[in-house]
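Visitor: Mind having a look at this structure? Questions to follow.
The values are calculated or read from the model by the stated rules, or taken from the named source; none is laboratory data. It should be emphasised that the depicted structure is a prediction, and the values quoted were computed from it without experimental measurement. Quick reminder, even Gly has a Cβ in these numbers, built from the backbone with ideal geometry, and neighbours come from all protein chains shown. What goes into the accessible areas is simple: the full protein's heavy atoms, side chains included, and nothing from ligands, DNA or RNA. Shrake-Rupley method; radii C 1.70, N 1.55, O 1.52, S 1.80 Å.
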Amino acid sequence: MRSSRALRLSQIRSRPSHVVYRVPRPQSVRNGYCTVCESPAGKDTAKSTTNPPTPLADHRQLGIEQELFTTSVYSPGSPLFLPNGAKLFNRLTNFLRAQYDHFGFQEVITPTIYKKSLWEKSGHWDNYADDMYSVTGRGATGEKEGRQVGEDEEYGLKPMNCPGHCLIFASKQRSYRDLPIRYADFSPLHRNEIHGALSGLTRVRRFHQDDGHIFCRPSQIRQEISSTLEFIKMTYNVFGLGPYRLALSTRPADHFIGTVEEWDNAEAALRESLDASEQVWTINEGDGAFYGPKIDVILKDSDGKEHQTATIQLDFQLPKRFELEYQAPAPELEQKGESTTDHALLNVQGPVTPVLIHRAVLGSVERIMALLIEHHNGHWPFWLNPRQVMIITVNDRQAVVDYAQKCKRSIQGLGSANVASNGSMTMKSPNRIAVDIDDSPRSIQKKIREAKQKRYSVIAVVGEKDVEAGRLVVDLTNIPKAEEWMPSHPALKRAANLHLSFPSKAKDGSPIRAVHGNFEDQSSVKRPLGLPNLAPEQLKSLPISPMDLSRFLIDMVREHR
């Protein structure tokens, strides 16, 4: 017998996948009665003639419908990403990785657990312990008191990456010529959120942050913060998120480390950078981290609820706690961010403490995924869609199925096999197109309808005639705003012209087969000097070779369409 939970899940999955459902939310109460109940006696109960409002998107329900993630009672607050969700997660993180060279970041990988003594050194154990998970290793006595040094010491799951990056910076001697040094890290983090606060992907206990730390000279602070603000602006423009607002969070009333003067200097540096950005910003008094002030990016979800995503935090304290230093001439002036041309001062070398800038462009990857899921409501831009291409066979004959598999490999850039010519495995491209095949023995109408319900961007059909012609017939109208720019796209115009202008038979009467858009006999073909734009209806059934389709789709990924 099915469990009640399994029955509920089966009922949810049996609903049409294109409908957006809302998880019930608390109703408001006005004048002593619930706004969704009947009006009190004596009030006008005439029915409204207006249409009911469209339910807002909810990423928790969309996550089920689009098979992105699930959760388990065995690990509350730790989402399990399904294959489609993993594709989306990887597209987000790979996009950031592709920008790292431009913005000067180097990716590192750091441990998940550290000894309690590290967290005491960083200040997290005194200021953040309630939000951390404590871990005891094998062989430990389990005692709670006096456990400090050695293998018997208590451990903590990391809630953030900054102490680990400080250890990397301290691993070798540094010079002022080396700075700024920028580290990036996607390691999973754990924070012990209370159970009642957990919600889908927006409030979790295990998450990934596009964590970055910049170790710089005091004179480089403004430039580094300005560059990070530009990184954030560029990323959110590509994702179509916004508008967002910037908020400067200042020194907490208590539970902070460092002197008031150091905090004032740090806050002044952030104010200067915000003013230079020419963006609107506000102040959140007392909402800074315990180690320094910060700039937060605040986005709204489909309900109008605000979420903090990106962040830039200025930290003068952690480098001191870890005794980080670099060598520089005129060290006293260098520490103040000042320069000199006095040769006597420049001849004196000494240690200087670097400034640490914490930055996250997306913030929590899980949280930004939730916002994107609701923002697009299943109508993904092609480059982000985990369901990009569906190849549908007209029948399940072996020749047609084999050709569909061949088309899939061609679209994904794998060639005719999964191994290179020298026998070694091919390297997987981060831009690999996601292609699925439906060769089930069902009617083509049912298979197309199901692919549309699942929101595939491109639906390609292949039959026996397409096998002979070396082509697919594709429907591109499921790509958002396709009619606005696709009819004039050179690759699509060229593909349409090839299949319209080439004869179906050669001079000897044998059929001409297309191979990646090239034909064996082109001598009798007359092409117009210019290629006309496609008619919008041509996007619904466009003949195109697998290679030409692959090139077009890769261009869309590169252009983030």
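Visitor: Report, by residue number, each residue of region 366-400 that is in a helix (DSSP H, G or I), of a type outside the set (D, E, K, R), open to solvent by 20 Å² or more (accessible area, probe 1.4 Å) and modelled with pLDDT of 90 or more. Give the derivation first.
Guide: Taking region 366-400 as the starting set, the residues that turn out to be in a helix (DSSP H, G or I) are 366-376, 398-400.
Okay, now just the ones that are also of a type outside the set (D, E, K, R), so 368-373, 375-376, 398-400.
From the residues that got through so far, the ones that are open to solvent by 20 Å² or more (accessible area, probe 1.4 Å) too are 375-376, 398-399.
Scanning region 366-400 gives Gln398, Ala399.
Visitor: Would you check if Thr235 is under 26 Å from the mean Cα position of the chain (by Cα) and open to solvent by less than 20 Å² (accessible area, probe 1.4 Å)? Talk me through it step by step, then tell me what you get.
Guide: Working: under 26 Å from the mean Cα position of the chain (by Cα): yes; open to solvent by less than 20 Å² (accessible area, probe 1.4 Å): yes.
So Thr235 fits the description; yes.
Visitor: Okay, moving on. Can Leu356 be described as assigned to a strand (DSSP E or B), out of contact with any Lys or Arg (no Cβ under 9 Å at 6 or more places or on another chain) and closer than 23 Å to Leu274 by Cβ? It would help to see each step written out before you state the result.
Guide: On the way: assigned to a strand (DSSP E or B): yes; out of contact with any Lys or Arg (no Cβ under 9 Å at 6 or more places or on another chain): yes; closer than 23 Å to Leu274 by Cβ: yes.
So Leu356 fits the description; yes.
Visitor: Okay, next question. Of the residues Tyr133, Tyr183, which single one is at pLDDT 95 or above and among the aromatic types (Phe, Trp, Tyr)? Lay out the reasoning, then the answer.
Guide: Details: Tyr133 fails: at pLDDT 95 or above.
Residue meeting the stated conditions: Tyr183.
Conditions tested, residue by residue: (1) open to solvent by less than 10 Å² (accessible area, probe 1.4 Å); (2) modelled with pLDDT under 95; (3) not in a helix (DSSP H, G or I).
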| position | (1), (2), (3) |
| --- | --- |
| Gly146 | no, yes, yes |
| Gly150 | no, yes, yes |
| Gly156 | yes, yes, yes |
| His165 | yes, no, no |
| Leu201 | yes, yes, yes |
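Visitor: Could I ask something else about it? What residue, of Gln308, Gln327, Gln313, is touching a Ser or Thr at 6+ places or on another chain (Cβ under 8 Å) and polar (S, T, N, Q)?
Guide: Values: Gln308 fails: touching a Ser or Thr at 6+ places or on another chain (Cβ under 8 Å); Gln313 fails: touching a Ser or Thr at 6+ places or on another chain (Cβ under 8 Å).
Every option except Gln327 fails the conditions.
Visitor: Only one of (1) surrounded by 18 or more Cβ atoms within 10 Å (Cβ to Cβ); (2) acidic (Asp, Glu); (3) in a loop (DSSP other than H, G, I, E, B) fails for Glu323. Which number is that?
Guide: Going through the list (1) surrounded by 18 or more Cβ atoms within 10 Å (Cβ to Cβ); (2) acidic (Asp, Glu); (3) in a loop (DSSP other than H, G, I, E, B), Glu323 breaks only (1).
Visitor: How many of the residues making up region 540-556 are buried (at least 18 other Cβ atoms within 10 Å of the Cβ) and either in a loop (DSSP other than H, G, I, E, B) or at pLDDT below 85 (or both)?
Guide: 1
Visitor: Could you count how many residues in region 245-278 are under 22 Å from Gly363 (Cβ atoms) and open to solvent by less than 50 Å² (accessible area, probe 1.4 Å)?
Guide: So the answer is 13.
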